[in-house]
Each structure stands twice: as structure tokens, then as C-alpha cells.
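The values are calculated or read from the model by the stated rules, or taken from the named source; none is laboratory data. Just so it is clear, the model here is predicted, and its values are computed rather than measured. Positions of Cβ are backbone-derived with ideal geometry, glycine not excepted, and every protein chain shown enters the neighbour counts. Just the protein is used for accessible areas: all its heavy atoms, side chains included, with ligands, DNA and RNA removed. Shrake-Rupley method; radii C 1.70, N 1.55, O 1.52, S 1.80 Å.
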Amino acid sequence: MSKHEVHVTFAGKIVFVGFGSIGQGVLPLILRHVGTSSDRISIVTAEDSGRTEAEQFGVKFVKTALTKDNYRQILEPLLDAGDFLLNLSVDVSSVALIQLARERGALYLDTCIEPWAGGYVDPKASVESRSNYIMRLAALALRSGAKKTPTAVLTHGANPGLVSHLVKQALLNIAKDTGVDAAIPSGREAWAKLSRDLGIKVIHIAERDTQVSTVPKAANEFVNTWSVDGFVSEGAQPAELGWGTHEKHFPPDGGRHKRGSGCAIYLNRPGASTRVRTWTPKAGHFHGFLITHSEAISLADYYTVMDGERAVYRPTTHYAYHPSDDAVLSVHEFAGNNWHLQDRKRIMLKEITSGIDELGVLLAGHAKNAYWYGSQLSIGEARELAPYNSATSLQVTSAALSGMIWAMENPDRGIVEPDDMEFKRPLEICAPYLGQVVGQYTDWTPLYQRGELFAEDLDTSDPWQFKNVRVV
């Protein structure tokens, strides 16, 4: 692996928590691009998945499920000051691991904010308490009273994570193409004002996965191109979106939060049963699931312009995800089983024969209508670029790697979200693994071809109202 650029030398140990599809995909990238060695890496995971790979690379593999009662006993002996805790698990509290990493003087990164097992689907918990908005508040509350502390990067995979950096580059591209004189903004307020001045009303994280396999989905099986547990957990959470100041029609099943900035709302229904209209260059227009993701909340928060205590500008932001066709069938079966997971689950990898993952950000409402900017990565390219990865996982693993390297280069920044980071460095690290990085304008709006066969309740005065975007 010496032919690959080593971006940073890291003297500490690296401890993985969780080693599913993303952990397995990121390990070879770490060994390529971080100056470390396999004897300084250890894995703590609840399942045997990935053991053969760990043995191939000479990495210590410990099969133990972490719980509230044992996580300190297991992890404390593995973590010292200057080490790195890489959390790629499900059912392990991110807040607990962030606190532990800080106490031990270790750096930290996760790809989503996780609760302890059952936290996403506790029937006794309120819909609001199961939202990413509330979980994000709990993680950000750890900033309170903290002085200079080791860097802890929250939610830095592809999305959330990479997409926040894509948004910033997309804003600069739109500014240039529309004749708006804009240097690279310095700080959150300047970025928010640029977005406002450009007229951005909505930001979709628009993704279409077309990867197919020689092994079709079977009955009572959930199939996906990345973590099944991760997808079903977030799919069973309430749909969430950042709520823009231009919106005139509050959803009848919507709920507002009583704490925090109020930048986002939730719907009283799962994201895996909520669909929205969006667009990507290759797929064109399609219906995606409005799956809750932290970027929908953090982007809306970051790009808010305040006038005193009042938000005068904020874009509507949300995920719009069409997974692989087998995953869509799996979601339908999952929903038909009243959100109880199938007995069997499978992550497609070696059996994938063709297809791409088209993942990017759609910024709309500006002078050129809408602009998509992102990655078009095929399974063939992914296999040539890195082992143990599909097109979907490589977009995530390269982003997780970039977040780790940024933390190693900026080791005392405390708790940061992707939007807080300097965007060019992560994009630079990810770029070799993203396939074609494309920017394309479109005249598509969610009013396109609407109302032709059946009457629809539309707001034709503003195409970019969420009322028009949502599929009902």
C-alpha cells in the first residue's frame, strides 16, 4: 500500500467500535493513508463479521457487545491520551463514547449519533425523543463548560459528513455562475448570508443507488448495499427536515421541537414510509424516502440568518434517498411487518454486478433554478479503487477517513460537526474515491408533469414549497 499518499502520521493507537460494512471498508484506507501500523489498531465488535479481514491485516479483533454496564471496563484499557476512538457501531451510545474519549484524552469520530440499544424504537418513548434533533442536542450539550478538549467529530460519513462540504463548494460554484462576487466565506454567519443572497430555498441530499446483484432479495430478508441495522434504525425513526423560512404550509402531521433553535421539524410517521420528489443528473426526477439524517438538522441550523432572536432566513433541508431496488423491496416488506425487521439480513458486495451510487446535494430556488453537485461512483470503479467496498460504502468510508485525518491534523478543536470544518481538506482527501464529481444545473421543479391525470393540491406560486416536494 506504499504507493498511496500518506496524509498524516499518527503515533497513537486506533480503536474501532463496530466492524460492519463501513468498518471493513475503511480499515484498508486507514492503512493506506494514515502513518500507522496494524499492530496499533484494535477492533471491538458485537459480531464475527469482518474477522477474516482483520486477520488478513494483522489487526486485533475482539468480539464483545458493548453495553451500558461494560463499555468502560472494555474500552478504558485500550485508550490512552493521543489515541483515536473510531465509532462505527450501532446500539452503542455516541454520547457515552464521546465522554469516555474526552476523559482518556483521545480523539473521536462517528458517522451518526447513536443511542443505546432500543433507543430508536422504544414504544414508550415519544416521537420527539426518538428524533435525531433531540439526540444531536444531547451530543452538542457536551460542549458546555468544556475548555480546550480533544477533537470529537460528529456524524462524518458521506451523509451526514461529506455532503456538508459539497454544499459549500456548490454555493461557491453557483455564486460564480450567477455573477455573485463571493470570496470563500469566513465563519458560519458569512456562509449563511451567501446562501441567503443566492436565494437558496431548499437543499436536498439527493441520492439514487442503482446497484444490482445476481442474488435477488428473498422473502423475509432485508438486503442493502450498506449496513442493514443502520438503515432500518434510521428508517424507523420519525421523518425529519430542516424547516425553511420560506415555507407557508406546515405539514398536518408535523411537530415542532420545544428545545433548541427550532431549526427542524419532525413528522409523526417513519422516514421509511415518507417520500419526497427530487432530482439527480443520471436518474432524473424520482421519489426518494425522507429518511432522517443529522445533516438535515445541522445544515438548516448552520445556514440560518438571525435578526436578533428571529430567524429571517433558513433553507428547508432534508435527505431524499432511493436505495437499491432490492433495498426498496426490503423496506416495503419491513413496513408490511409493522417495522419489525425480517429474520434474515444481507449486505450486497461480491454479488453486485453493475450500477452506481449517485450521491450529491441539490440546491434550488436561485437564479439558475436548481444545481446538483456530487459523486457518481460505479461498482466497477469502487472495486478498482479499494477492497471490501461497494460504491455506496466507499463514499462513506473515504469520508470517514477524511474526517479522521482532519481530526488528527486539528487535535484540540473539541466537539465539531461537519459544517464547522474547513471544507477543502476533506474534499481533497475524498476526491480519489468518489468517481466522477459532477455539477449540473436543471430546470426541473417538483411541479413538473403534476396534475395531468389527477387533480392535486399544489402551491403553484412557489415550486419549492415542501407541500409540493412531499409525495402524498
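A few comments on the model shown:
- Sites listed here are trypsin sites (Lys or Arg not before Pro) in segment 294-378 whose DSSP assignment is loop and whose Cβ has at most 12 other Cβ atoms within 10 Å: Lys350.
- Computed about its Cα centre, the charge dipole of segment 268-355 is approximately 180 debye, with only Lys, Arg, Asp and Glu carrying charge at their Cβ.
- Solvent-accessible area per residue in the chain equals 39 Å², computed with a 1.4 angstrom probe and all protein chains kept.
- With every protein chain in place, the chain: carbon and sulfur % of accessible area (1.4 Å): 50 percent
- For segment 1-149, the Cβ-based charge dipole about the Cα centre amounts to some 440 debye (Lys, Arg positive; Asp, Glu negative; other atoms uncharged).
- DSSP-loop trypsin sites (Lys or Arg not before Pro) across segment 74-156, with at most 10 other Cβ within 10 angstrom: Lys124, Lys147, Lys148
- As a size descriptor, the averaged projected area of the C-alpha convex hull of the chain was calculated at 21.9 nm².
- Dipole of the chain, positive end: most advanced residue of Ser324, Gly18, Met348 [Cβ charges, Cα centre]: Gly18
- Under the membrane-span-like helix rule (DSSP H runs whose alpha carbons stretch at least 18 Å along the helix axis, mean Kyte-Doolittle hydropathy 0.0 or higher), the chain yields 21-33, 162-177, 391-409.
- Sparse-neighbourhood loop sites, trypsin sites (Lys or Arg not before Pro) in segment 1-33 - DSSP loop, at most 10 other Cβ within 10 angstrom: Lys3
- Between Glu428 and Ile74, the simple label model (points 7 Å from Cα in the Cβ direction) yields a spacing of 3.7 nm.
- Multiplying the residue separation of Gln440 and Ser186 by 0.36 nm and removing their Cα-Cα distance gives an extension gain of 88.9 nm.
- Cα gyration tensor shape of segment 116-244, rounded if a/c is under 1.5, else prolate or oblate by comparing a/b with b/c: oblate
- For the pair segment 252-303 / segment 326-394, the C-alpha centres are spaced 18 Å from each other.
- Longest site-free stretch - the chain; sites: GluC sites (Glu not before Pro), DSSP loop, at most 14 other Cβ within 10 Å: 48-308
- One Cα centroid belongs to segment 398-436, the other to segment 1-56; the line between them spans 17 Å.
- If a spin label sat at a point 7 angstrom from the Cα of Lys148 along the line to its beta carbon, the backbone N atoms of segment 415-449 nearer than 18 Å would be those of 415-416.
- MRE, 222 nm, helices only [DSSP H, n ≥ 4, -39500 (n - 2.57), over the chain, to nearest 500]: -8500 deg cm²/dmol
- Pair Glu456, Gln56: separation of 7 Å Cα→Cβ label points (nm): 4.7 nm
- Placing +1 on the Cβ of every Lys and Arg and -1 on the Cβ of every Asp and Glu, with nothing else charged, gives the chain a dipole about its Cα centre of roughly 620 debye.
- Shape call, segment 325-472: gyration tensor on alpha carbons, a/c limit 1.5: oblate
- Note on Glu384 and Val215: the extension gain reaches 58.7 nm, defined as 0.36 nm multiplied by sequence separation minus the Cα-Cα distance.
- Calculated FRET efficiency, His4 to Ser354, Cβ-Cβ distance, R0 = 22 Å: about 0.25 to the nearest 0.05.
- Zone residues, segment 331-356, relative to Val127, backbone N less than 20 Å from point 7 Å out along Cα-to-Cβ: 335-340
- Calculated log₁₀ intensity ratio I(q)/I(0) where the Debye formula runs over C-alpha points of segment 413-472, q = 0.12, 0.20 Å⁻¹: -0.61, -0.82
- The string of couplings for segment 413-423 from the Karplus curve (6.51, -1.76, 1.60, θ = phi - 60°) is 9, x, 7, 10, 9, x, 5, 7, 7, 5, 7 Hz, one whole number per residue in order, with x for Gly and Pro.
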